């Protein structure tokens, strides 16, 4: 299924922080490095997915933060040293895309990029490959910036939506539909989200993009010229201090807000694959295959009259007895027992642990 | 406060098994040996309580089962070897009382016994001592068999009740009331229990008894003569095999059913102390001092918008977020998360663990 086109590059964005999967995620080990949904980390499954659509490791660029450099090498032994871009400081996605694009254009001016976050969950790799093939063709043939749109399964209020317009004519021979973008929509309230879902032409914005290196570079030059010029300096001067200065000059802006919502040549490729940004324990439960009683377990559990729970405890046994809609997470120094619907209240949790002098657990 | 009467003996019954406090309790380590309510085990706090009412360790008899002999010595370093009675096999309380009484009568025919289970929770040691003093006087002066009656705090259906009759006249100078027993009542249904509580003259049967050694011996001879004769042989012949034969001959009957419910000279001493038989995690929650949000924690916990929970996790940190009325128990090889009201369903739990091939966790 792999489109083994040697001009296709994967860019994996792996610089994000966050402790929304506490107690599994910590400041020193954010979500993408965690095995929250199986034995491999989300970064590792993203890497494997990338290898399905590119020629080999030489065509996979990983962008990460200073603190995570050694973890990235550890988790991805096949990652080439020259393909790991270590950001001097935390920025947003536009600087990340710009730097990776500068690197890729320098190698192949006709390259096509598939840009993907490192912490999303996609299990149907074959459908992912098909969608990428369609998007690569569209970006080459029509000079468009493509984003994958996910058919919403329910009125999620935590995602941005994209309103699809007319179908892009002659988008290859593929049976996968490609639409022009009518509007990007911010995270909606619940009623609005319900409207989007029933309308039928709204998609979740996956944050996975396909474009030619030349195409995104032109758009960056048009909408974020200061990001572009700093990105150029990142590849011209390898001195760490010069790079730090250049990176610091870039505005911390997202590629969605900085480019996609401005550009006129953006299209939606309808994703035939399952997708979740697994932004919380509740989202992981939603995205996972359920066992008996709608429970999801990573680790050995026994459940008695218990439904809708998520257990993450690979190193012990958990017995659930008469409990519903909980998340139970066990690590070697902490246990979380939360209601699934409250499991994204990480801010409260941080505050409480800090108030108790337990900051070291964060 | 201690009534340091050298003729008072404490008999601690520590032979029971059971896994109702799973995963803390296991077949090899039942409840009385567990530190479920603090740093000391229930047996150790019972020992300390016994020492408050007797002259010294020479006056404390502990009866336990074969499997627990070394654990008893380990937890009670001051226990005298000759005061540990190791039952050749599991029997009920009547054989246990009979054997201990035979031993005590052999040392002092005028002794008074305070017989107590090893796994109850009593924190007001001073009030316990006062009640014992009253009961000791009543048993000596009136030749009665005394049991402590606990004023019911709520309509518990898991306890037996005792209906109090008329006050025993001139039961010493004590302000603690002593009543004749009208009836013993089996564990009631909820409505009946409500009736008992509102009636005002019903007490929880604590299972803690005070009597003269001669008094209980006469009753044993009257109601359970075969237990009595076997108990005599237990002290006459120390050969292990002979003892095993003698013990096996005793019927496995409780002292409540075998003697107390038959005898005419039984009185209730109204207990001024707090008491719980802590028969389940829910009972432990009920009997424990609550912290913020009606939570009870043994170990370091952080709670956010969580009420009515019991956490037992001295070796880790537990964070509760938006959960109510749960029991969370953490041990080195298992974690239980149960609704408090279901926490006594140990039978189901056993069956499930056995079905999963996890019997070794029981």
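The values are calculated or read from the model by the stated rules, or taken from the named source; none is laboratory data. It should be emphasised that the depicted structure is a prediction, and the values quoted were computed from it without experimental measurement. Here the Cβ is made from the backbone with ideal geometry for all residues, glycine too, and neighbour counts use every protein chain on show.
Summary of computed values
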{"quantity": "Residue that is nearest to residue A:18 (Cα to Cα) [pool: residues in segment A:332-345 that are touching a residue at least 24 places away in the same chain (Cβ under 8 Å) and surrounded by fewer than 19 Cβ atoms within 10 Å (Cβ to Cβ)]", "calculated": "A:344"}
{"quantity": "Residue match in segment B:185-197 (condition: part of a strand (DSSP E or B) and under 22 Å from residue B:11 (Cα atoms))", "calculated": "no"}
{"quantity": "From the options B:293, B:299, residue that is modelled with pLDDT under 95, in contact with a strand residue (DSSP E or B) (Cβ under 6 Å, 6 or more places away or on another chain), within 11 Å of chain A (Cβ to nearest Cβ) and not in a loop (DSSP other than H, G, I, E, B)", "calculated": "B:299"}
{"quantity": "Of all residues in segment B:231-240 being part of a helix (DSSP H, G or I) and farther than 12 Å from residue B:100 by Cα, the one that is modelled with the lowest pLDDT", "calculated": "B:240"}
{"quantity": "Selection count where residues are more than 22 Å from residue B:29 (Cα to Cα) and part of a helix (DSSP H, G or I), scope segment B:51-93", "calculated": "7"}
{"quantity": "Segment A:304-321, subset more than 8 Å from every other protein chain (Cβ to nearest Cβ) and assigned to a strand (DSSP E or B), residue nearest to residue A:23 (Cα to Cα)", "calculated": "A:312"}
{"quantity": "Subset of segment A:330-345 (residues that are within 9 Å of chain B (Cβ to nearest Cβ) and either over 14 Å from residue B:324 (Cα atoms) or outside any helix (DSSP H, G or I) (or both))", "calculated": "A:330, A:331, A:332, A:333, A:334, A:335, A:336, A:337, A:338, A:339, A:343, A:345"}
{"quantity": "Search result, residues across segment B:346-362 that are in contact (Cβ under 8 Å) with a residue 12 or more places away in the chain and more than 8 Å from chain A (Cβ to nearest Cβ)", "calculated": "B:346, B:350, B:362"}
{"quantity": "Number of positions in segment A:348-362 that are assigned to a helix (DSSP H, G or I) and out of contact with any helix residue (DSSP H, G or I) (no Cβ under 6 Å at 6 or more places or on another chain)", "calculated": "9"}
{"quantity": "Matching option when the condition is farther than 28 Å from residue A:37 by Cα and assigned by TED's automatic domain parsing to the domain that holds residue A:17, among A:123, A:166", "calculated": "A:166"}
{"quantity": "Any chance residue B:325 is within 14 Å of another protein chain (Cβ to nearest Cβ), touching a helix residue (DSSP H, G or I) at 6+ places or on another chain (Cβ under 8 Å) and buried (at least 16 other Cβ atoms within 10 Å of the Cβ)", "calculated": "yes"}
{"quantity": "Test set (1) assigned by TED's automatic domain parsing to the domain that holds residue B:25; (2) over 22 Å from residue B:119 (Cβ atoms) - residue B:308 fails condition number", "calculated": "(1)"}
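Yes/no per residue for (1) without any contact (Cβ under 8 Å) to a residue 24 or more places away in the chain; (2) surrounded by 14 or more Cβ atoms within 10 Å (Cβ to Cβ); (3) touching a helix residue (DSSP H, G or I) at 6+ places or on another chain (Cβ under 9 Å):
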site	(1), (2), (3)
B:179	no, yes, no
B:187	no, no, yes
B:192	yes, yes, no
B:232	no, yes, yes
B:261	no, yes, no
B:264	yes, no, no
